[in-house]
Amino acid sequence: MIKEDKKKSILISLKKASSLLKKITEMVENDHYCIEVMQQNLAVIGLLRSAHEKLMSNHFNTCFKSAVLAKDERKQKKMTEEILKVINIYNK
C-alpha cells in the first residue's frame, strides 16, 4: 500500500510524464528537431525514474519491512526475490 504523501508525489510525476509523452509524440509526428525531442524524452525518463524510486522507497518502508518483521522465512524469501527481480529489470 502506498502512503498518502508518497502517492501524491508519485502521481504528480506520472501525470507530468504522461502529458510530456503526448507532447513528444506530437513533436515526432511534426518532424521537430531531433535534439529537442531527445531532451523531452530524457525529461520523461527522469520523471519515471523519480516515480520508480519513490515507489521502491515506499515498498521497502512498508511491505518489505513488514515481511522482515513477520519472521516468516517464506514471506521474506518471496519479498527478497521480488525486490531482486525489480532491481534486475531496472538495471537493464
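Arrange the peptides 24-35, 2-13 so that the one whose residues have, on average, the most other Cβ atoms within 10 Å appears first.
Result, highest mean Cβ count within 10 Å first: 2-13, 24-35.
So what's the net charge close to Tyr90: Lys and Arg +1, Asp and Glu -1, counting the other residues with Cβ under 13 Å from its Cβ?
Summing Lys/Arg as +1 and Asp/Glu as -1 gives +1.
With helices defined as uninterrupted DSSP H runs, which ones in the chain have an alpha carbon span along their own long axis of at least 18 Å and mean Kyte-Doolittle hydropathy of at least -0.5?
4-29, 34-59
Rule-based calculations on the coordinates, nothing more; no lab input. In this text the structure is predicted, and so the values were computed from the model without any measurement. Neighbour counts run over all protein chains shown; Cβ positions are idealised from the backbone, glycine included.
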